[in-house]
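This report concerns only the one structure given below.
The values are calculated or read from the model by the stated rules, or taken from the named source; none is laboratory data. Everything quoted here is computed from the prediction, not taken from an experiment. Neighbour counts run over all protein chains shown; Cβ positions are idealised from the backbone, glycine included. Just so you know, the surface numbers come from the protein's heavy atoms only, side chains and all, with ligands and any DNA or RNA stripped out. Shrake-Rupley method; radii C 1.70, N 1.55, O 1.52, S 1.80 Å.
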Amino acid sequence: MASIEFVRVTKQFEKNVVIKDLDLKIEDGKFTVLVGPSGCGKTTLLRMIAGIDPQSSGSVLINGKDVTRIAPGQRGVAMVFQNYAIYPTMSVRENIEFGLKNNKVPKAERTELVETISATVGLAEYLDRKPSTLSGGQRQRVALARAMVKKPSVFLMDEPLSNLDAKLRVQMRIELIELHKKLGTTFVYVTHDQVEAMSMADTIVLMNKGTIQQEAPPDVMYRQPNNLFTAQFIGVPPMNVGELGRGGVKFGFRPESAELTHEHSGLHYAARGRIITREMLGSETIYQVRCGQHAFMIKCVEDRFTVDQDVHLGVAADKLVFFEADGSRISTEHALFKDHLEALRGIPHGA
Ligand code: ATP
């Protein structure tokens, strides 16, 4: 097991600075997910931990030790990639055993390790098969087993599920959570998919343009976003945001926090609107409602409205949040919070 720490880390490719003065602590034994839009620097962080592509300045510490001068193979980390990186001509057993053979681990020990680990990831029956005869999920398990035999103190995973179909991805997510529980090792997992981050992480590190926007457990990230970027990146559909009309301040509410009714609901924020689109997803329906200049996404348990219908939209005061013009969230303790709340009550938002 191991903790990881970035201390004032900068990474640049020629003149292009992609990470600047980044500080981050990844806790020992936790499942940490680095998430953010394409190009924000997630893979770059992972590669710096692995030592494949070291930082330009600053330090990376593993278990409190500066690993800047330590070669990738000596850092006690194993990386699992999106494209599996398994050898097609070797059997599953040979693939898993490969690194052990290279490290001159004796035969008896190799056999035992391969058998225990293949059982852990559910591959025991497939040891003599070639990868081409396996499903995507099984191939991903081979890649995991290959990383596991090295008994790393840190697992680094770069979008390992992105080549799998939606159903298998959900199944593998659960398997990874269970594997993490079983091993108790530090997992650092990169994805651009916020649903993966929300479902698997102990801690989410949300990045944008090389900077950390927020670092928190999933529920905190969802309920107490630091800023507009986090509020709109985490959650599907994203948080609804509107202009308060006061110096660039914005108000926001989650799609499930609003109520749609035929009559005025009497809730704090009240607007008249018209249903623009309706997506019936089975257990819930998502409506797009136009209220004046705003188009809000509303998630309802009941499917009660049709397209083009006029509705009342209401949001309770305790479900409303406000953001400064620079995007930072205004705390409920802030002197202006109540003022903004009052201002929102008076705004005529109509269809
Ligand atoms: P994705 O989700 O698309 O994989 P990411 O968040 O993992 O994105 P990175 O791969 O870390 O993003 O890239 C961060 C930035 O660094 C991007 O702007 C990318 O173009 C740049 N970059 C990454 N590797 C190199 C390289 N070898 N040479 C030059 N620029 C690079």
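Take the Cα coordinates of segment 227-351, assign each an equal point scatterer, and use the Debye formula without solvent to give log10 I(q)/I(0) at q = 0.16, 0.20 Å⁻¹. So the normalised log intensities work out to -0.74, -1.13. Compactness check for segment 103-225: Cα Rg over 2.2 N^0.38 Å is 1.20.
Starting from the eigenvalues of the Cα gyration tensor, five times each then square-rooted, give me the equivalent ellipsoid semi-axes of the chain, largest first, whole Å.
Values: eigenvalues 424, 128, 43 Å².
Over the Cα atoms of the chain, the ellipsoid semi-axes are 46, 25, 15 Å.
On the beta carbon distance between Q12 and D193, with R0 = 30 Å, the FRET formula returns roughly 0.65. Any of K150/K209; K107/K150; K20/K65 with alpha carbons more than 23 Å apart? Name them for me. Violating the 23 Å limit, Cα to Cα: K150/K209. Test of understanding: extend the Cα→C-beta vector of V307 to 7 Å, then name every residue of segment 245-279 with backbone N under 11 Å from that spot. Zone members listed by number: 276-279. With semi-axes defined as the square roots of five times the eigenvalues of the C-alpha gyration tensor, the equivalent ellipsoid of segment 41-193 measures 26, 20, 14 Å, largest first. Calculated FRET efficiency, A119 to L244, Cβ-Cβ distance, R0 = 56 Å: about 0.45 to the nearest 0.05.
With a Förster radius of 56 Å applied to the C-beta separation of E324 and D53, the computed FRET efficiency comes to 0.95.
Surface exposure of the chain, expressed per residue as accessible area with a 1.4 Å probe, stands at 48 Å².
Fully extending the segment from S283 to R129 would add 51.3 nm, taking 0.36 nm per residue of separation and subtracting the current Cα-Cα distance.
Of the peptides 273-279, 26-32, the order by per-residue mean of other Cβ atoms within 10 Å, starting with the highest, comes out as 26-32, 273-279. Relative to the dominant Cα principal axis of the chain, helix 92-102 is inclined by about 60°.
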